[in-house]
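The values are calculated or read from the model by the stated rules, or taken from the named source; none is laboratory data. Quick caveat: nothing in here was measured; it's all calculated off a predicted structure. All Cβ positions, even for glycine, are placed from backbone atoms using ideal geometry, and neighbour counts span all protein chains on display. Calculation scope for accessible area: heavy atoms of the full protein, side chains included, ligands and nucleic acids excluded. Shrake-Rupley method; radii C 1.70, N 1.55, O 1.52, S 1.80 Å.
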Amino acid sequence: MPAVASLSSPAPAAAARRRRFSPAASASLRRVASGGGSSWRSERRLMSELERTVTAGAAERIIRGYVGTKSERAALAALSRLLMDSDPLAIPFYEAVTQARWFKWSSIHAAAVAALLEVNGSIGESRSLISDSISQHLQSTDEVALFYCDLMAAFSSRGLKDRAVDFYTELRSMPLSGRKAYTAMIKSLCLMGLASEAEEALREMVSLGYQPDAFQFGLVAKCYGKSGSLVEMERVIASMSDAGIRLGTGAANIVLSCYSSCHDHSKMLVWLKKMRKLRVAPTTKAYNFVLNSCPTLVLVIQELGPSLPLSTAGLVKKLKSVSKLAAEAELVQELLASSSVLDKAMEWSETEVKLNLHGFSTIAAYVLMLQWVDVIKGRTLPLEVSVVCGIGKHSDVRGEPKVRGLAQEVLSQMGSPLRLSTRNKGRLVAKRDMVKQWLASLPVPEEGTDQSLDATHQKPFVLRLFRELGQFFSNLV
């Protein structure tokens with residue numbers, strides 16, 4: 001069993017001991033840390049207890065008790081949360097996990113703990129953990145290569161770029177085989193900001209017959225974009241078609257992500273229009289990418305004052321008058337012109353219409369709510385109307401759920417009857433009659449302030465007619 005250091009000094013205050021690191025590098029940890037239900041609640045209680053401890057011994061007793069009594073999922077979620085926060089308590093927590101009967105060695109966790117040990121000055125412990133992991137848990141060269149990729153990501157995300165480069169040198173000295181190893185290496189190099197090395201690995205991957213997908217091209221292109229090399233970024237994007245990658249939803253998302261990372265609004269607008277012509281609908285990710293990159297819109301959400309636009313027409317009008325970027329208002333209009341994202345987020349049944357805001361940023365959630373209100377104004381409503389915004393358990397930052405707070409504030413300013421459910425704290429709900437009265441009281445948009453929903457973007461009339469008739473007869477029955 002690899003040995004890891006225990007804390008021998010008093011546990012410092014949580015605010016002082018936690019260091020946030022690269023969100024991109026913590027994506028794998030985030031997936032483990034986003035345990036729902038009771039595991040999330042027990043994790044919050046654990047963090048609260050650890051923050052109140054004043055000695056290392058007390059912290060370790062709490063950790064051992066937690067790992068010994070909780071499920072594997074709950075313990076790994078808590079470990080991942082501590083590692084995402086670069087909390088030194090992750091080290092004794094990992095030691096307790098390795099002693100659990102259900103323990104299975106994880107490359108991601110071992111790499112993150114090794115990096116954290118080195119950050120805290122325990123260089124010998126870190127290198128011992130790495131060597132023990134390789135000798136005791138890895139059976140093949142490919143497995144070692146994947147571990148080196150995780151080490152590159154973990155060390156570089158914590159500011160130890162020289163050590164990350166050392167692991168890359170070790171990796172390059174090994175005979176690589178298999179698509180998985182190249183995919184992991186490209187991802188880690190992009191996290192380190194080494195775009196040219198990542199592109200070289202991409203070319204090598206192609207030359208060996210391992211066909212990359214749009215995701216690998218997107219990583220390299222975005223890496224160039226973040227460094228300001230826009231010409232190189234566009235060259236990599238253009239090479240996707242040369243590699244035979246069809247412009248589907250995934251590839252389109254990746255391109256939008258690249259342009260949003262360097263805030264090129266005019267290119268995003270061109271790309272969204274191209275997607276519309278090719279009938280490639282925007283997705284939730286595209287919605288988030290585009291709207292999060294709009295600086296004026298971000299300021300509007302941050303203020304949440306009395307001047308907050310409460311309709312799509314009002315929002316577009318404000319962006320046109322305030323934004324210094326000509327393409328910003330057009331970008332929002334282009335997204336509003338498509339109903340694909342709203343259709344997936346909105347669920348209709350005989351008893352309820354529900355808007356699900358899971359997966360949306362606060363900015364995207366705000367725009368989607370305005371779009372949703374426009375749509376339900378002209379619909380026959382079922383018995384209950386609700387907005388599901390969650391309680392923040394999938395968020396990187398614990399505390400008051402931001403999407404729920406935003407939804408409450410915006411709907412309150414609109415005079416909406418939707419209120420927090422007594423049975424579900426992540427759901428705003430109201431009865432149909434109250435919602436109908438509220439919608440009827442909303443001002444009608446002025447002519448000429450249309451949200452750009454022209455005929456080419458509307459659903460076919462016959463389909464909409466059948467849907468309305470179906471809802472009418474369902475309510476009648």
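The heavy atoms of residue 123 offer some 80 square angstrom of accessible surface to a 1.4 angstrom probe. Can you list the lysines whose alpha carbon is less than 17 Å from that of residue 377, not counting same-chain residues fewer than 8 positions off? Filter leaves 354, 431, 436, 459.
Each Lys or Arg adds one and each Asp or Glu subtracts one; over the other residues with Cβ under 15 Å from the Cβ of residue 298, this totals +1. The loop-placed trypsin sites (Lys or Arg not before Pro) in the range 184-290, going by DSSP, that have at most 13 neighbouring Cβ atoms within 10 Å of their Cβ come out as 246, 279.
Solvent-accessible surface of protein heavy atoms, probed at 1.4 angstrom with all chains present, puts 70, 425, 402 in the order 402, 425, 70, largest first. Here residue 374 sits with roughly 50 square angstrom of accessible surface, probe radius 1.4 Å. Overall shape: oblate for the range 74-135, with the ratio a/c of the largest to smallest alpha carbon gyration tensor axis at 1.5 or above and b/c at least equal to a/b.
Scalar couplings 3J(HN,Hα) for the range 373-388, obtained by applying the Karplus form with A = 6.51, B = -1.76, C = 1.60 to θ = phi - 60°, are 4, 4, 6, 6, 4, x, 10, 7, 8, x, 5, 9, 10, 9, 10, 9 Hz; x denotes Gly and Pro. Quick check: from the Cα gyration tensor, does the range 161-319 come out rounded (a/c under 1.5), prolate or oblate? Taking the square roots of the gyration eigenvalues as a ≥ b ≥ c, the range 161-319 is prolate. Computing the accessible area with a 1.4 Å probe over protein heavy atoms, can you report the carbon and sulfur percentage for the range 126-252? Taking all protein chains in place, the range 126-252 shows 52 percent carbon and sulfur surface.
Remark: accessible surface ordering of 379, 73 (largest first) is 73, 379, probe radius 1.4 Å.
Which of the three applies to the range 111-164, rounded, prolate or oblate, going by the alpha-carbon gyration tensor with a ≥ b ≥ c and a/c under 1.5 meaning rounded? Here the range 111-164 falls in the oblate category.
At 1.4 Å probe radius, can you tell me the per residue accessible area of the range 225-289 in Å²?
Here the per-residue accessible area is 51 Å².
For the residue pairs 70/425; 70/344; 104/425; 180/285; 226/274; 226/324, the C-alpha atoms sit more than 32 angstrom apart in 70/344; 104/425.
Just to verify a number: FRET efficiency for residue 347 and residue 105, C-beta to C-beta distance, R0 = 45 Å, to 0.05?
FRET efficiency, residue 347 to residue 105: 0.65.
For residue 402 and residue 377, what does the FRET efficiency come to when R0 = 35 Å and r is the distance between their Cβ atoms, rounded to the nearest 0.05? The calculated FRET efficiency here is 0.85.
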